[in-house]
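The values are calculated or read from the model by the stated rules, or taken from the named source; none is laboratory data. Bear in mind the structure is a predicted one, so any value in this text is a computation, not a measurement. Every residue, glycine among them, receives a Cβ derived from its backbone with ideal geometry; neighbour counts consider all protein chains shown. Surface accessibility is based on the protein's heavy atoms, side chains included, excluding ligands, DNA and RNA. Shrake-Rupley method; radii C 1.70, N 1.55, O 1.52, S 1.80 Å.
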Amino acid sequence: MSLDKTADCLFCRIARKEVPAKVLFEDDRVLAFEDIRPQAPAHVLVIPKAHIASLEDAPAGSEELLGACLVAARRAAREKGVDATGYRVVLNTGPDSGQVVFHVHFHVLGGRRLGWPPG
Ligand code: AMP
Ligand code: ZN
């Protein structure tokens, strides 16, 4: 039995380029790529390359990494051309949120009027 949580993790595999994705940009800490099932004209996912299952699992000392994800979310919005019209950054966490991929990811959604409250 493997104890390596990253081995079967979809987003770790995308970060390692074992699973193809439309990468927008990356650096040593974060990766931004297109959501495979976009919910808006612009829908990018930003992940830390390090495996963190959910916000609830973020270890002490993750502040900089999570902050880097937010800065990358802003860059993704700019690169998708929705920075001026507005966008939403979403971090689903746990069962009630609908989180299905257990590797922290920030959704960056824009390019249309987004409803509030979310469904
Ligand atoms: P969440 O409900 O926050 O866990 O969202 C997971 C997101 O990952 C969904 O928006 C999916 O469309 C997206 N997703 C799942 N598999 C892939 C993939 N292989 N490449 C890109 N996005 C994906
Ligand atoms: Zn992972």
(request) May I ask you to list the residues in the stretch 57-100 that are near ligand 1 (Cβ under 10 Å from one of its atoms) and closer than 16 Å to residue 30 by Cβ? (result) 91
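Wholly within the stretch 3-119, which strands (runs of 3 or more DSSP E) include no fewer than the required count, namely at least 1 residues that are open to solvent by 60 Å² or more (accessible area, probe 1.4 Å)? Write out each step before concluding.
Numbers: elements: 23-26, 30-34, 42-48, 87-90, 106-110.
Fully inside the stretch 3-119 and qualifying: 23-26, 87-90.
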